[in-house]
Amino acid sequence: MLDAHPEVVQAEGDLAHLAHITMIAAVASSDIVLSEVLIRRVVQMQTELEGPHPTALESLLCERIATCWLAVYLLDAASIETANGERPPENIIEQHERMKQKAHKRYIEACLALAKVRRLLPRPRR
Amino acid sequence: MAWETRKGTKRQYYTRSRRVNGQVQREYLGCGELARLSAEIDTSARESQVNLRRIAAQQRLREQEQREAIYAAILAPLDALDVLCRAAMRRELNAAGYHQHRWGEWRKQRGGISKGAVTNSSAHHQARSDENSMDDNRAASAAGTCLHGR
């Protein structure tokens, strides 16, 4: 049955897509519109980065950049207020800032990796 | 807040200590019904404060666990993707004849020149590698700025 429907295999085996859903659900599980918009935005970004005829490695690196962008976006959007809506203590705010900086650093590293690969391994002309 | 036994008597007297303007003041409530009721009220208030502190601590712990679960859900997929991308990148670049110099820049091996040799051509290659690294940084910064601004 799976052989007759490769699109099912493609969809269910797309671990990156599943990871994006999990990431978005951690922050915006109740906002369906935002979830759908973000999923489409990530796919759109990856397609734009890949350009025409990407190699498998470039596709993987573009997927990494899009995933890192999503992590940065979600951490920026995540609310760290306490249950009664008060401003959290300074150590909590610092912890959140450290997480955001970690995600941003990984995003920059992912961009650097793609730039490096594109410079060192130019695409074959078609 | 304590029951005291005075010398020469078997009765217990209830006293309450409070801090007023930085000084400790002691209040004597005697040994009768008033003292007994005051003791019960003070005990009840103390237990309420302990319960409130315990509930607040549990609430803080729950909030911290929720935050850590969110961070793990957002950052964990990046770990697996990083490992995969690094391995794929290393494999492709090695196959194309590049090697990573001291866990830093990637250099292409050229025939007849050893890695440690210092020659004019290798110095020129080093300068070009440095320029290319700067190009990478500029390209990556431009890509990052472009994406972030959307």
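Every number here is computed from the coordinates shown, using simple stated rules; none is lab data. Keep in mind it's a predicted model, so treat the numbers as computed, not measured. Backbone-built Cβ (ideal geometry, glycine too); neighbour counts: all protein chains shown.
Please quote Rg/Rh for region B:1-116 to two decimal places, taking the Kirkwood radius as Rh and restricting both calculations to Cα atoms.
Working: Rg = 36.0 Å, Rh = 22.0 Å.
So for region B:1-116, dividing Rg by the Kirkwood Rh gives 1.63.
The lysines whose alpha-carbon is closer than 19 Å to the alpha-carbon of A:Lys116, local same-chain residues fewer than 8 away aside, are A:Lys105, B:Lys108. Simple spin-label estimate for A:Leu18 and B:Val20 gives 7.0 nm between the two label positions (7 Å along the Cα-to-Cβ direction from each Cα).
Computed from phi, the 3J(HN,Hα) profile of region B:74-91 under the Karplus parametrisation 6.51, -1.76, 1.60 (θ = phi - 60°) reads 7, 8, 4, x, 5, 4, 5, 5, 4, 4, 4, 5, 4, 5, 5, 5, 4, 5 Hz, with x in place of Gly and Pro.
Students often check this: by mean Cβ neighbours within 10 Å, which of B:77-86, B:55-64, A:17-26 ranks highest, and how do the rest follow? Walk me through the numbers on the way to the answer.
Details: B:77-86: 16.3, B:55-64: 11.7, A:17-26: 17.8.
In decreasing order of mean packing, B:77-86, B:55-64, A:17-26 become A:17-26, B:77-86, B:55-64.
Database remark: amide H of B:Tyr13 closer than 5 angstrom to the amide H of B:Glu4, B:Thr5, B:Arg6 (H placed geometrically; neighbours at sequence offset of 5 or more, or on other chains; Pro and chain starts carry no H). Based on the Kirkwood approach, the hydrodynamic radius assigned to region A:6-120 is 15.8 Å, with every pair of different Cα atoms included.
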